[in-house]
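Chemist: Got a structure for you, written out below as structure tokens; questions coming shortly.
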Amino acid sequence: GFVVDPPSTALPNMSHSSALSALKDLEPYYQTDVTQPFGLGTKLSRTYVTRCLLGDRGTTYKYLGLRMFSTSWDSAVGGGIKKLNDAMEERLGVHLGTLAAERGRALRDGAPRGFNVALVNRMES
């Protein structure tokens, strides 16, 4: 199910300013999407959204026919963002355990419970 955590629960060990700083550190890694809104062979147009893909080495993401290569968690920007990812993985484990208990099922041993890639979207204002 869909769950929304309050910031104090989702990021108990990270302040808002630390999370914002981690996102700002990604600035050089954002990429602009280019589309053809009126179909193939028409004028190219940039979107208002830029994206940054972070993840394990070698991971990719295919979106609208375009393959993006991730910037490694271990890169210079990985510190704060890795903390955000670790916090999300921890909350995911809690929510999966709760969901499994509500459904009367056990979590499978060895089943992946994390994220190997994160797509960060930024909307220009």
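The values are calculated or read from the model by the stated rules, or taken from the named source; none is laboratory data. What you see is a predicted model; the values in this text were computed from it and never measured. Positions of Cβ are backbone-derived with ideal geometry, glycine not excepted, and every protein chain shown enters the neighbour counts. The area values use the complete protein model at the heavy-atom level, side chains included, leaving out ligands, DNA and RNA. Shrake-Rupley method; radii C 1.70, N 1.55, O 1.52, S 1.80 Å.
Chemist: Name every residue in region 36-57 that is more than 17 Å from the chain's Cα centre (by Cα) and either in a loop (DSSP other than H, G, I, E, B) or at pLDDT below 80 (or both), in order of residue number.
Modeler: Passing the criteria: GLN36, PRO37, PHE38, GLY39, LEU40, GLY41, THR42, LYS43, LEU44.
Chemist: Looking at region 18-30 only, could you name the residues that are of a type in the set (Phe, Trp, Tyr) and either free of Cβ contacts under 8 Å to residues at least 12 places away in the same chain or not in a helix (DSSP H, G or I) (or both)?
Modeler: Hit for region 18-30 is TYR30, nothing else.
Chemist: Run SER17 past the list (1) over 19 Å from ASN121 (Cα atoms); (2) loosely packed, with under 11 Cβ neighbours inside 10 Å and report the number of the one that doesn't hold.
Modeler: With respect to (1) over 19 Å from ASN121 (Cα atoms); (2) loosely packed, with under 11 Cβ neighbours inside 10 Å, SER17 is out only on (1).
Chemist: Could you check region 116-125 and list, in sequence order, the residues that are open to solvent by 70 Å² or more (accessible area, probe 1.4 Å), modelled with pLDDT of 75 or more and not hydrophobic (A, V, I, L, M, F, W, C)?
Modeler: Scanning region 116-125 gives ASN116, ASN121.
Chemist: Test of understanding: among ASP5, ASP74, ASP86, ASP33, which residue is acidic (Asp, Glu), open to solvent by less than 50 Å² (accessible area, probe 1.4 Å) and either over 23 Å from MET123 (Cβ atoms) or assigned to a strand (DSSP E or B) (or both)?
Modeler: Going through ASP5, ASP74, ASP86, ASP33 in turn, the sole match is ASP33.
Chemist: Cβ-Cβ under 7 Å, sequence separation 6+ or interchain: first residue in region 5-17 and of a type in the set (Asp, Glu), partner assigned to a helix (DSSP H, G or I) and at pLDDT 80 or above. Which pairs?
Modeler: Pairs that qualify, where the first residue is of a type in the set (Asp, Glu) and the partner is assigned to a helix (DSSP H, G or I) and at pLDDT 80 or above, are ASP5/ARG91.
Chemist: If you check every pair at least six apart or on different chains, which have Cβ atoms under 7 Å apart with a residue in region 35-57 that is free of Cβ contacts under 8 Å to residues at least 24 places away in the same chain first and a residue that is loosely packed, with under 10 Cβ neighbours inside 10 Å and among the hydrophobic types (A, V, I, L, M, F, W, C) second?
Modeler: If the second residue must be loosely packed, with under 10 Cβ neighbours inside 10 Å and among the hydrophobic types (A, V, I, L, M, F, W, C), the pairs left are GLN36/LEU44.
Chemist: On to the next question. Is it true that some residue in region 96-115 is touching a residue at least 24 places away in the same chain (Cβ under 8 Å), touching a Lys or Arg at 6+ places or on another chain (Cβ under 9 Å) and open to solvent by 80 Å² or more (accessible area, probe 1.4 Å)?
Modeler: Within region 96-115, none of the residues are touching a residue at least 24 places away in the same chain (Cβ under 8 Å), touching a Lys or Arg at 6+ places or on another chain (Cβ under 9 Å) and open to solvent by 80 Å² or more (accessible area, probe 1.4 Å).
Chemist: If a residue has to be part of a loop (DSSP other than H, G, I, E, B) and open to solvent by less than 30 Å² (accessible area, probe 1.4 Å) to count, how many in region 58-69 make the cut?
Modeler: 1
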